[in-house]
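What follows is a set of notes on a single structure, which appears directly below.
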Amino acid sequence: MYSAGVAVATVAVLFTGAGSAYAAGTPVQDPAVRTATVVPAATTPVPTQRQIADLFDRWNAALATGDANRVADLYAPGAVLLPTVSARVRTDRAGIVDYFEHFLESKPVGRIQERFIHILGPTAAIDTGLYQFTLTNKDGTKSKVDARYTFVYELRGGRWLIINHHSSVVPTGD
């Protein structure tokens, strides 16, 4: 593992240009020689599975507002949406907003039935599985839609955003 001490020593040797004298402990007399301390960049902690699971709850809460723009705010610029009830792939904000303007008319409420979360590192994760939407028709009747989903999240500017979202109706049979 690369340690900060090795980095400091390496930088000091590079700045002095006299690795052997520095390494032997001989003080450097040349006032033009400068040393620098390398401070490791702040590290982003790896998210927990609970934190990633909470991102679905955030998305579901945005659906409950009925505001397509609020839902679209959870998607990164350039995100890809393969929606549940549309044949068109959405690859920009306008397309994502358009899809949700129509989808939100049915007042969808999602519920996870089965989930698998994979943490790819401190800034990326995948949540995939099965969910069920309860939809309310204009006459007030409710229907349920079982779907498969995959959300790919990326931490950008301190915010977890959806960069890829695939949702499709579960096919009948095995």
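Somewhere in the stretch 121-139, is a residue more than 19 Å from Asp57 (Cβ to Cβ), in contact with a Leu (Cβ under 6 Å, 6 or more places away or on another chain) and assigned by TED's automatic domain parsing to the domain that holds Val85? So far as the stretch 121-139 goes, yes, one or more of its residues are more than 19 Å from Asp57 (Cβ to Cβ), in contact with a Leu (Cβ under 6 Å, 6 or more places away or on another chain) and assigned by TED's automatic domain parsing to the domain that holds Val85.
Sub-6 Å Cβ pairs linking a first residue in the stretch 43-61 that is in a helix (DSSP H, G or I) to a second residue that is of a type in the set (A, V, I, L, M), at least 6 apart or interchain, are Gln49/Ile117; Ile52/Ile117; Ile52/Ala125; Trp59/Leu74, ordered by first then second residue. Checking each residue in the stretch 73-88 for being over 15 Å from Arg156 (Cα atoms) and surrounded by 15 or more Cβ atoms within 10 Å (Cβ to Cβ) picks out Val80, Leu81, Leu82, Pro83, Thr84, Val85, Ser86.
Just one of (1) touching a His at 6+ places or on another chain (Cβ under 9 Å); (2) within 20 Å of Ala87 (Cα to Cα); (3) crowded, with 16+ Cβ neighbours inside 10 Å fails for Ile163. It is (1).
The listed residues are Ala24, Ala41, Ala7, and the only one of them that is more than 17 Å from the chain's Cα centre (by Cα), closer than 27 Å to Ala124 by Cα, modelled with pLDDT under 95 and of a type in the set (Gly, Ala, Ser) turns out to be Ala41.
The values are calculated or read from the model by the stated rules, or taken from the named source; none is laboratory data. The shown structure was predicted, so the numbers you read here are calculated from the model rather than taken from an experiment. Neighbour counts run over all protein chains shown; Cβ positions are idealised from the backbone, glycine included.
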